[in-house]
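The values are calculated or read from the model by the stated rules, or taken from the named source; none is laboratory data. Here the structure is a predicted model, which is why all the values come from computation and not from measurement. Note that we place each Cβ from the backbone using ideal geometry, even for glycine, and neighbour counts take in every protein chain shown. SASA here: full protein model, heavy atoms, side chains in, ligands and nucleic acids out. Shrake-Rupley method; radii C 1.70, N 1.55, O 1.52, S 1.80 Å.
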Amino acid sequence: MKKIDGFLKRFEKITIPDESVRLKTAEILSSEFGEEIKKEDISVKNGIIFIKTKDASLKSDIFLKKQKIIDNINSYLGKITIRDIR
């Protein structure tokens, strides 16, 4: 008879789809800065969120509050998944 922990290990590596991470990131950024940020301007790759914007002041604001934003996203995800924002 197999142990259940061997079966459950299959599900440890399941991650939340990038679409929901992008949507939640857009919500957090929009509420934090009062500007609408579209989920199409956000991409996720290897635990790094990339934000496309031409607004220099928004870029610097994101940089200043980067750790708070990362903490909010990771608390939504339930584990540390996002490591950086660029």
*How much accessible area per residue does the chain have, in Å², with a 1.4 Å probe?*
75
*Of LEU23, LEU64, LEU77, which has the most accessible area and how do the rest follow, probe 1.4 Å?*
LEU64, LEU23, LEU77
*Accessible surface of the range 28-82 [probe 1.4 Å, protein heavy atoms]: carbon and sulfur percent*: 52
*Distance in nm between label sites at ILE4 and SER20, each 7 Å beyond Cα in the beta-carbon direction?*
2.3
*Could you state how much accessible area GLU19 has, in square angstrom rounded to the nearest 10, with a 1.4 Å probe and all protein chains kept in place?*
80
_Ranked order, PHE33, PHE50 - accessible area, probe 1.4 Å, largest first_ = PHE50, PHE33
